[in-house]
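The values are calculated or read from the model by the stated rules, or taken from the named source; none is laboratory data. In this text, all values refer to a predicted model and were calculated from it rather than measured experimentally. Methodologically, a virtual Cβ is constructed for each residue, glycine included, from the backbone with ideal geometry; neighbour enumeration extends over all protein chains shown.
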Amino acid sequence: MEEEVVREQPELEEENENLIAQSEGSLGKFKDAESLLKAYNNLQAEFTKKCQKLSALENEKNKTIFYEEDWNKRVANFLEKNPEAKKYSKEISEKILNSPELKSSENALELAWSSIAMKNYVEPEKLASDKTFLNSYIFNNEEIKKQVLENYLKEIKTAPPVISGSRGAKLSSKEEYAPKNLNDAKKIVEKFFK
C-alpha cells in the first residue's frame, strides 16, 4: 500500500506542474499562481465573515421576543396600560405565537392587541340596539340610571304648563301663585289668555 502512495506522488506532482504551467499563461491580472492563491484565500476569508454576519442577523431576526427575561414585566405593563385587553389575552398570545413577524417584534403585544381589537370592534349604533349589551352595561349601571332620572326631571321642570281640569283651566307642574292685589291678579289672567 505504501508503494502505491509513493508511486502516485510523482504523478500528482507532475500533474500540478502541468496545471501551473498551463495556468501561468492565463492568470489574467495575477503575476503568478501564488498571487492568485493569495487573492482567492482573501476572498474566501471575506466571504466567510459575510456569511457569519448574515447568520447572526438572521438569528437576531428570528429570535422570539417572549423568551427575553423581561417578558413578564412587559406583559404586566401592557395589561396595566390596556386593561380591556386582559379578556383577550388568549387571543393575543395565539396571534403572537402564530406570526413569525410578531414573534420577533418589539411591539408584539401592541400589534396583536390592535389587530384583535379591530376585529372585535362594534360600532356604537349597533351597541345601542343590542339588548344584551344594554341590559349588561346600561340598564344595570346605577350612575347611568341616576343621570337619566336627573335629565328627565329637568325636562319636566322646564316643560310648558299643561291646562287641565273639568271646570275651567288650571295650571299644573308649576307652583301656584296667589296674587297679593288686584293688579297681580290681572297680570295672571292676562298671561293665561295669551
### Task
Under 8 Å between Cβ atoms, at least 6 apart or on separate chains: pull out the pairs that start in the stretch 116-127 with a residue that is closer than 20 Å to Ser93 by Cβ and end on any residue that is among the basic types (Lys, Arg) and modelled with pLDDT of 85 or more.
Ile116/Lys95
### Task
Evaluate the following for Lys86: is it basic (Lys, Arg) and either surrounded by 15 or more Cβ atoms within 10 Å (Cβ to Cβ) or touching a residue at least 40 places away in the same chain (Cβ under 8 Å) (or both)?
no
#### Entry: Residues of the stretch 56-75 satisfying the condition of being surrounded by fewer than 11 Cβ atoms within 10 Å (Cβ to Cβ) and at pLDDT 80 or above
Asn72, Lys73
### Task
Check off (1) more than 17 Å from the chain's Cα centre (by Cα); (2) under 15 Å from Val75 (Cα atoms) for Pro124 and give me the number that stays unchecked.
(2)
### Task
Test Leu102 against the stated conditions and say whether it is closer than 30 Å to Asn72 by Cβ, at pLDDT 85 or above, surrounded by 12 or more Cβ atoms within 10 Å (Cβ to Cβ) and aliphatic (A, V, I, L, M).
no
